[in-house]
Amino acid sequence: MNFTINISGHFQNTVSRALLEMSINLGVSLVGGYYWGIYGVLLGTVIALLYRTNEMIIYTNRRILQRSPIKTYAVYLSNNISFAMSQATFRIVFDCILIDSYVKFIGVRLICSVSALIITVGIQILIFCTVSKKRLLRAKN
């Protein structure tokens, strides 16, 4: 989104929002740092980045691309779902297999990589079925 804003020449329009992000980061980091130390500073950064990410998604989609931001959020949601499912799969694999050699380590990594690929592609096909159908037709041709 940041790249799209810079390329389209809209950077000056987003300066006030960048200053607001900086203010959120500093304010929450100072207060949080006083009470919780480095974790409070981390909290300030996370809150500011969440604000800025959502603001950039909405700005880019509505003002530059002239579309709804729902598609972008759907991509992020599908990526988070596939990440969570992959992590759960990895946990199951690591709990079931004792890794005591390099061969087992490489085998487990291969299993995890293939399962992550299957999960990610499967979720992408389910959520974006119209795009998947177009890709399948293109691949057949």
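The values are calculated or read from the model by the stated rules, or taken from the named source; none is laboratory data. Predicted, not measured: the structure shown is a model, and the values here were computed from it. Because the Cβ atoms are built from the backbone with ideal geometry, glycine has one as well, and the counts that use them run over all protein chains shown.
Looking across the range 127-141, the residues that are polar (S, T, N, Q) and loosely packed, with under 13 Cβ neighbours inside 10 Å come down to THR130, ASN141. Tell me which residues, restricted to the range 1-22, are of a type in the set (A, V, I, L, M, F, W, C) and in a helix (DSSP H, G or I). Correct list: PHE3, ILE5, ILE7, PHE11, VAL15, ALA18, LEU19, LEU20, MET22. Do we have ILE106 as β-branched (Val, Ile, Thr), loosely packed, with under 12 Cβ neighbours inside 10 Å, outside the structural domain of ILE7 (by TED's automatic domain parsing) and assigned to a helix (DSSP H, G or I) here? When the stated conditions are applied, ILE106 passes them. Quick check: anything in the range 26-39 farther than 30 Å from ILE127 by Cα, part of a helix (DSSP H, G or I) and within 21 Å of the chain's Cα centre (by Cα)? No - not one qualifying residue is present in the range 26-39. In the set (1) over 16 Å from PHE3 (Cβ atoms); (2) of a type outside the set (A, V, I, L, M, F, W, C); (3) assigned to a helix (DSSP H, G or I), the condition left unmet by GLN66 is number (3). Looking across the range 110-126, the residues that are surrounded by 13 or more Cβ atoms within 10 Å (Cβ to Cβ) and not hydroxyl-bearing (Ser, Thr, Tyr) come down to ILE111, CYS112, ALA116, ILE118, ILE119, ILE123, GLN124, ILE125. Specify the residue that is nearest to HIS10 (Cα to Cα); the eligible residues are those in the range 50-90 that are modelled with pLDDT of 90 or more and among the basic types (Lys, Arg). Here the answer is ARG63. Filtered by the rule that a residue be outside any helix (DSSP H, G or I) and either surrounded by 14 or more Cβ atoms within 10 Å (Cβ to Cβ) or in contact with a Leu (Cβ under 6 Å, 6 or more places away or on another chain) (or both), the range 69-98 gives a lone residue, PRO69.
Kindly evaluate ILE47 against the criterion of being within 21 Å of PHE128 (Cβ to Cβ), part of a helix (DSSP H, G or I) and either more than 16 Å from the chain's Cα centre (by Cα) or not assigned by TED's automatic domain parsing to the domain that holds ILE123 (or both). When the stated conditions are applied, ILE47 does not pass them.
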